[in-house]
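Beneath this line is the structure, given in structure tokens, with notes to follow.
Values quoted throughout were computed directly from the atomic coordinates according to the rules given, and no laboratory measurement underlies them. Note that the structure is a prediction, hence the values are computed from the model and not measured. Every residue, glycine as well, gets a Cβ built from its backbone with ideal geometry; the counts of neighbours run over all protein chains shown.
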Amino acid sequence: MTIEARGIEVAYGKRRILHGVDFSARPGEVTMIIGPNGSGKTTLMRALIGEVPAKGAVSINGKALSRHAAHELAAIRAVLPQDTALAFPFTVTEVVGLGVTAGPILANAHARRQRINDALDAVDLPGFAGRYYQELSGGERQRVQLARVLCQIWNPVSHRHGPSWLFLDEPVSSLDIRHQLMIMELAANYARRGGGVIAVMHDLNLTAMFGDRITLISSGEVAATGTPQEVLQDDTLADVFGCALKVGEVPRNHLFVLPQAISAG
Amino acid sequence: MLQRPAATCTAPAISMEGDRSGRARIAVVGLALLLLGVAVFGLVLGAADTPAWRVILTRLGLDNGAGLKPTDYLIMESIRLPRIVLGILIGGGLAVSGALMQGLFRNPLADPGIVGVSAGAGLGAVSTIVLGGGILSFTGIYALPLSAFFGGLITTWLLYWVATRNGRTSIATLLLAGIAIGAFAGAATGVLIYIADDAQLRDLTFWGLGSLAGATWTKVAATAPIILIAFAASPFLARGLNALALGESAAHHMGIPVQRMKNVTIVVVAAATGASVAAAGAIGFVGIVVPHLLRLAIGPDHKYLLPCSALLGGAFLTLADGVSRTLVAPAELPIGIVTAAIGAPFFLWILLRRRGLLDL
Ligand SMILES: Nc1ncnc2c1ncn2[C@@H]1O[C@H](COP(=O)(O)OP(=O)(O)OP(=O)(O)O)[C@@H](O)[C@H]1O
Ligand SMILES: [Mg+2]
């Protein structure tokens, strides 16, 4: 009951973006994908969710991705894209409600409403239910989308389908520090309760703090994969990101990454 | 560590804020009543020497019918009633087509009339009248709706193919492609009219502006099945169109079979538009005015938007028909003039409000 990808190759037209990437993620863990801009993180995630044609094999919960029907996949995994456009003037409630509709069937309108309110509380947007999505700030929109995605696979583990998977492409990229922590804790908690979380990240300190496993992508290849201790090494990071970085440790095994000057690399 | 600020208000046990479904359900009932009222109004409206109320009451068993002439029944039941029924079907069909198309293209400006689908459907119907004598006798009363359907289908499909790339629709491309396709269909229709003989020309004259004047029960019978099928299919598209508002890949991740849903939507749009155009010519702007007003009132949820569009579209066209019959009585205006006179300024108003959002 994992996500396994072997030898993933993706090309957009003639340009090859991923060159044989292996990737795996386990339920109960937060798996982070990091790497420079354009290295192929989003592309890897799109391959894992079947959004781009890819060579190689991807399986989720023990079954090849291509052999799952769309509704089956919707029951076991939800995807937060890097950015989302919304066509019509939906309210926050209605947007989150779309996730509820895509998720497990709830008994009645009261339960559906409760789910929406719980999700809005989880992303710290109480009192936003009646607002128009289009009139929210970037960070608020990102949290509304996360609430929608959460509603789709509310239970980290389902009896019928096994573990559920959250795919998050830069879930905290436009959030303030308090909400970055809050959303990462939410993701970590989802994993603690048996679900799987796969997140594309840019913030190396949040990655160190909340990642159970990290895959470092560089120019479409895996540069390193393993625990934070294994991947977050001064030399590896400096090589891949092209700037000098100092990894340190604060008490209780918390790593932190301190950027140095670019030229010092 | 992460306590919520103490100042945030404590919500009541369960709040329904931001949920417009209750309002939308009331709207369904209200619009059904409105449609009924408008239908009765349309029946009663007309030359005063027809005792319309008495005929209605007699048929309902509430009047003994004494003194009513056979022509009174004839006027009511063979002229006015089919016209009302046809108006309701076509108005509803056009409004639902508009709502579906806007959902499909993810843009409130998409409308079968504006983007050339009606013109394509008209071309289909006109070709059958002028060229297709054989098809006419083979498929009977369904020849026109069917050929208009195929004309509309080809146009919608072509539009989708031109204007949508990688799941994103460029509204500029859509409108421009609509102009091109509409112009081409119009030119082809013009050529056909040029080569048509006199008898065919008489059939063709009303296509220009659209009219309900030729309504008969035969026309109702040819139109009703197709539009009713479109009405029946549309609720099944609601969930998919809602998800599509978030984009094609988001809809896919939410478990929607996107490609199939889009294909069905295109077929339903073409069917409803085609049947409408075949029966009454190109009546513009219903498909844009009605869904837009409804989105303002009850929100964009297609679960309610589609049935409400059917009801309000029917009421709107019946009212417009009433205006077209009475404004210059005893002559009558083509109904297309009335809907365009209301709809075109409305369309401009939407453009003004949405300026800057157009290249969505
Ligand atoms: N649809 C596309 N067509 C062509 N090239 C693309 C497409 N999407 C991405 N690319 C290219 O593929 C490469 C990898 O893109 P990808 O989006 O995976 O990067 P990323 O690692 O997610 O970057 P970022 O940190 O900026 O989000 C980039 O060079 C990008 O220009
Ligand atoms: Mg990316």
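Laid out as a table, the results:
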quantity: Peptide A:95-104 - average C-beta neighbours from other chains (10 Å radius); calculated: 4
quantity: Inter-chain shielding of B:114-126 (mean C-beta neighbours from other protein chains, 10 Å cut-off); calculated: 0
quantity: Degrees separating the helix B:335-353 axis from the principal Cα axis of chain B, which is the longest one; calculated: 20
quantity: Dipole of the protein assembly as shown [Lys/Arg +1, Asp/Glu -1 at C-beta], most positive-end residue of B:150, A:32, B:351; calculated: B:150
quantity: Across A:55/B:262; A:14/A:246; A:55/A:246; A:63/B:262; A:63/B:303, pairs whose alpha-carbon gap is larger than 30 Å; calculated: A:14/A:246; A:55/A:246; A:63/B:303
quantity: Order by protection proxy (mean Cβ within 10 Å, highest first), peptides B:28-36, A:19-27; calculated: A:19-27, B:28-36
quantity: Relative intensity, log₁₀ I(q)/I(0), of chain A from a Debye sum that treats every alpha carbon as a point, q = 0.08 Å⁻¹; calculated: -0.33
quantity: Cut-off under 5 Å, modelled amide H: who pairs with residue B:170 long-range; calculated: B:165
quantity: Nearest-ten-degree value, helix B:117-131 long axis tilted from longest Cα axis of chain B; calculated: 30
quantity: Burial order of peptide ranges A:206-218, B:298-310 (average beta-carbon count within 10 Å, highest first); calculated: B:298-310, A:206-218
quantity: Sequence-distant residues sharing a close amide H with residue A:18 (under 5 Å, placed H); calculated: A:10
quantity: Karplus-derived HN-Hα couplings along segment A:193-198 (A = 6.51, B = -1.76, C = 1.60, θ = phi - 60°), whole Hz, x at Gly and Pro; calculated: 8, x, x, x, 10, 10
quantity: Stokes-Einstein D for segment B:169-311, Kirkwood Rh over Cα pairs, 10 °C, 1.306 mPa s (µm²/s); calculated: 91
quantity: Debye intensity ratio in log₁₀ form over the Cα atoms of segment B:264-360, taken at each q of 0.13, 0.17 Å⁻¹; calculated: -0.54, -0.89
quantity: Cleavage-rule hits, trypsin sites (Lys or Arg not before Pro), segment A:135-174, DSSP coil, Cβ neighbours within 10 Å at most 15; calculated: A:160
quantity: Descending Cα extents along the principal axes, the protein assembly as shown, whole Å; calculated: 102, 57, 44
quantity: Other-chain or far-sequence residues with amide H under 5 Å of residue A:217's (modelled H); calculated: A:34, A:35, A:223
quantity: Given charges at Cβ of Lys, Arg, Asp, Glu: segment A:3-225 dipole, positive-most of A:105, A:198, A:188; calculated: A:105
quantity: Global form of chain B, assessed from the alpha-carbon gyration tensor, a/c cut-off 1.5; calculated: oblate
